[in-house]
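Everything below concerns the one structure shown next.
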Amino acid sequence: MTRVVVEVMLKPEILDPQGKAVQGALPRLGFEGISDVRQGKRFELEVDGEVTDARLGEVRDLAERLLSNPVIEDFRVHVEERA
Amino acid sequence: MGVVTFPGSLDDVDARRAVAIAGHEPVTLWHGEPDLRGVDAVVLPGGFSYGDYLRCGAISRFSPVMAEVVAAADRGLPVLGICNGFQVLCESHLLPGALIRNDHQKFVCRDQRLRIENNRTAWTSAYDSRAEVTVVLKNGEGSFVADEPTLDMLEREGRVVARYLGGNPNGSLRDIAGITNERGNVVGLMPHPEHAVEALCGPGTDGLGFFTSALAQVA
């Protein structure tokens, strides 16, 4: 099995109230110097067999249709190397 | 008039009640059945379908009933999505844009004044042009967003159906509370007209017009 990771982030121009809430909590914990926090999602897909270009294409299709909403989000797909 | 129940729908019962008060026969539709049971119009109710997992409306979009709703909407069937239903319509690409978390990060629940900007849709024909109405607003992810060209297109084509009055409650761009598709048969609305159909409970009966409009449409 190979792990394919899909990371989904709100587009830079879309307001992220959750990230703002997290950022707002940082000074209370004594963290300084963090000017912005954006919150996203990470999906780990365990793919059977070899991860071919065609298989990665399917994952990208899945990421575009279901895992992300292209109106407000961008996504990145990468194969995770096992140590 | 059909009202879809998804797992996690909350306002399907109120929507069916509003449908009946407006003089229609309410028909229960189930998310898992690809069957619209011959209805003349469909309401997608508010709530938290599929627990709002992934994104609000994202899983519902792929439910068996939605394939039928999308196909029927493309043929001109009147479809009204309220709150979570609006989110489902955006995720289904029946309406442009998306709904994200309120800019102030809090759930909002209050009586809300709206202006009906477009009374030529299947769901707003009972209202006077630029009518001001009060219905219930309750959402956590009700902030309507779209890119500037899309917003300009919606304005230019008169596809903004309703706008918030008296201050923006959730950060929606251009105070947009509801929009329609090109044909005017599909309407998405963040506030809840189904909670404003009886004088006894709720802020009045201003919401009834959404349901009687559709009656005129299908009669």
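Summary table
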read-out: The one condition in (1) in contact with a strand residue (DSSP E or B) (Cβ under 6 Å, 6 or more places away or on another chain); (2) away from every other protein chain (no Cβ under 14 Å); (3) closer than 27 Å to B:Cys90 by Cβ that A:Glu58 fails to fulfil; value: (1)
read-out: Single condition B:Leu99 does not satisfy, out of (1) part of a strand (DSSP E or B); (2) farther than 24 Å from A:Gln18 by Cβ; (3) in contact with a helix residue (DSSP H, G or I) (Cβ under 8 Å, 6 or more places away or on another chain); value: (2)
read-out: Candidate set: segment B:1-21, residues that are of a type in the set (Gly, Ala, Ser) and in contact with a Leu (Cβ under 8 Å, 6 or more places away or on another chain); chosen: the one nearest to B:His31 (Cα to Cα); value: B:Gly2
read-out: Filter result for the condition that a residue is at pLDDT below 95 and at positive phi, over A:Gly30, A:Gly24; value: A:Gly30
read-out: In segment A:1-11, the residues that are more than 14 Å from chain B (Cβ to nearest Cβ) and outside any strand (DSSP E or B); value: A:Met1
read-out: Hits in segment B:17-28 - residues which are closer than 29 Å to B:Ile100 by Cα and surrounded by fewer than 22 Cβ atoms within 10 Å (Cβ to Cβ); value: B:Arg17, B:Thr28
read-out: Top-ranked residue in segment A:12-36 [being loosely packed, with under 10 Cβ neighbours inside 10 Å and part of a helix (DSSP H, G or I); ranked as farthest from the other protein chains (Cβ to nearest Cβ)]; value: A:Leu29
read-out: Elements of type strands (runs of 3 or more DSSP E) contained in segment B:110-181, each with 3 or more residues being within 13 Å of another protein chain (Cβ to nearest Cβ) and touching a helix residue (DSSP H, G or I) at 6+ places or on another chain (Cβ under 9 Å); value: B:143-145
read-out: Candidate set: segment B:40-75, residues that are farther than 30 Å from A:Asp74 by Cα and surrounded by fewer than 20 Cβ atoms within 10 Å (Cβ to Cβ); chosen: the one nearest to the other protein chains (Cβ to nearest Cβ); value: B:Ala72
read-out: One residue from B:Gly209, B:Gly184 being at pLDDT 95 or above and within 23 Å of B:His93 (Cα to Cα); value: B:Gly184
read-out: Top-ranked residue in segment A:61-75 [being among the acidic types (Asp, Glu) and part of a helix (DSSP H, G or I); ranked as farthest from the other protein chains (Cβ to nearest Cβ)]; value: A:Asp61
read-out: Filtered residues of segment B:124-139 (kept if surrounded by fewer than 18 Cβ atoms within 10 Å (Cβ to Cβ) and at pLDDT 95 or above); value: B:Asp128, B:Arg130, B:Ala131, B:Glu132
read-out: Criterion (in a loop (DSSP other than H, G, I, E, B), surrounded by fewer than 16 Cβ atoms within 10 Å (Cβ to Cβ) and touching a residue at least 24 places away in the same chain (Cβ under 8 Å)) met by exactly one of A:Glu50, A:Glu44; value: A:Glu50
read-out: Counted residues, segment B:94-105 - those being out of contact with any Phe, Trp or Tyr (no Cβ under 9 Å at 6 or more places or on another chain), within 9 Å of another protein chain (Cβ to nearest Cβ) and not polar (S, T, N, Q); value: 4
read-out: Of residues in segment B:78-93 being buried (at least 22 other Cβ atoms within 10 Å of the Cβ) and part of a loop (DSSP other than H, G, I, E, B), the one farthest from the other protein chains (Cβ to nearest Cβ); value: B:Pro78
read-out: Hits in segment B:155-171 (condition: within 18 Å of A:Val71 (Cβ to Cβ) and surrounded by 23 or more Cβ atoms within 10 Å (Cβ to Cβ)); value: B:Asn170
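The values are calculated or read from the model by the stated rules, or taken from the named source; none is laboratory data. A quick note: this is a predicted structure, and the numbers were derived from the prediction, not measured. Don't worry about glycine lacking a Cβ; one is built from the backbone with ideal geometry, like all the others, and counts go over all protein chains shown.
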